[in-house]
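Heads up, the thing below is written out as structure tokens.
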Amino acid sequence: MKQRTIRQHFVSAGYLARFTLCGKRDSLFYVFPPGQDRKWEATPESIGFERHYHDIDVPGFPHDYLEEFFQKYEGPACALFCALSANPERPFLTEEERETLVAFLALQAARVPQAKEKYKKLAFESRSTDAADVATSPQVFGTFMDVATRHGIEVPPDFQSNLLMGLQSGDIYPVIDKTDVSIGILRLSHAIADQLDGMYYSLLYSEGPDWFVCSDYPVALHYECAVPDDLFERQRNMAWPKLDPFERTIYMPLAYNVAVMIRRFQDCPTSLRADRYMVSLVNSLTISYAERFICSPTPDFIFLTPGNKEIGNAADAAAILRSFGASSTPRVVR
């Protein structure tokens, strides 16, 4: 009998291993808690996880089904990132390699705690609006009653008034269960992949000694999420959320010496050397939404200070994150 996976990573340990100099899941790198002027050594296996993080409760499926499902995408992607890291200035060689990156990037952006919380909030607000519409709108309540009647559901005569009182008092509120949120990862992944459709890719290679870092929010894709504003369309379309990105360019570190830049315009080389400024820019975007950890192959790292004025180090980053809040770093102009 297959052993159930309890410790489930929201940032793949195989991916995090690319930010160690030795490249193994049990290799050491340095972990910096955002906004704190300290660090310690750890391994990719020991961070970026929660117990039962992806668990679902669906008849016929094991509770850790998503963990095994995600590994189908993690394995090929981590092998690709390893090959890129070992061959500086190598571009993507096939369309399949780009598709491997897109699938992993979309999944990674959707599975982090901030993304899950964003989807949970969207589901809560959508269901709250549904309940309020049923409680206050005669037209919506009439449609609700028609549906209930067709399905043989008996609705008490005081249902609408009791629903309204319960909503106003806070005694009635939507419940978003863990399975809903975990499956939301897949729905967000599809929405993110749609945003990447038709975009152009450039690989950025650093020759050191300044390297790319990673974090618990490694994809610089920041967005609003919405569903259509219609009672019966909203719930159906929770499976197809729409993203409104804040930026036109997306960055993601792939290993300590390689990152990807994804743009909507074509006039950019497919592979180029990243100077110190570019490494700092990517690192700034990588840590800007970090809440739990920043990991670096070396005991210090560089980043671009707000306003693109100068290059700072880990101590400078800690001071800025403390002053603005760990997940509220001023945006870097791109």
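FYI, it's all coordinate maths here, none of it is from the lab. Remember, predicted model here, so these are calculated numbers, not experimental data. Using ideal geometry, Cβ is built from the backbone for each residue, glycine included, and neighbour counts are taken over all protein chains shown.
In this structure, Ala239 and Gln266 have a Cβ-Cβ separation that, at R0 = 45 Å, corresponds to a calculated FRET efficiency of about 0.90. Here the simple spin-label model places points 7 Å from the Cα toward Cβ, and for Thr143 and Glu95 these points are separated by 4.0 nm. Inter-label distance, Asp26 to Tyr65: 3.3 nm, where each label sits 7 Å from its Cα along the C-beta direction. Mind checking which lysines have their Cα closer than 26 Å to the Cα of Lys121? Skip sequence neighbours fewer than 8 apart in that chain. Qualifying lysines at Cα under 26 Å: Lys178, Lys242. Against the chain, whose longest principal axis comes from its Cα atoms, helix 276-287 is set at around 30 degrees.
Applying 1/(1 + (r/R0)^6) with R0 = 45 Å to the Cβ-Cβ distance of Lys309 and Val58 gives a FRET efficiency near 0.30. Applying the Karplus relation 6.51 cos²θ - 1.76 cosθ + 1.60 with θ = phi - 60° to the stretch 203-212 yields 3J(HN,Hα) values of 8, 10, 10, 9, 8, x, x, 8, 10, 6 Hz, where x marks Gly and Pro. The residue list Val258, Pro76, Phe61 was ranked by how far each Cα lies along the charge dipole of the stretch 8-324 toward its positive end, using unit charges on Cβ atoms, and Val258 comes out on top.
Computing Cα extents along the principal axes in Å directly from the structure and comparing it against [x] 64, 49, 44; [y] 59, 52, 37; [z] 73, 51, 41 singles out [z].
If you take the beta carbon distance between Asp275 and His190 as r and set R0 to 30 Å, what does 1/(1 + (r/R0)^6) give as a FRET efficiency, to the nearest 0.05? Please report the intermediate quantities before stating the final value.
Numbers: r = 36 Å, r/R0 = 1.19.
Calculated value: 0.25.
Among 156-166, 176-186, the peptide with the highest mean count of other Cβ atoms within 10 Å heads the list, and the full ranking is 176-186, 156-166.
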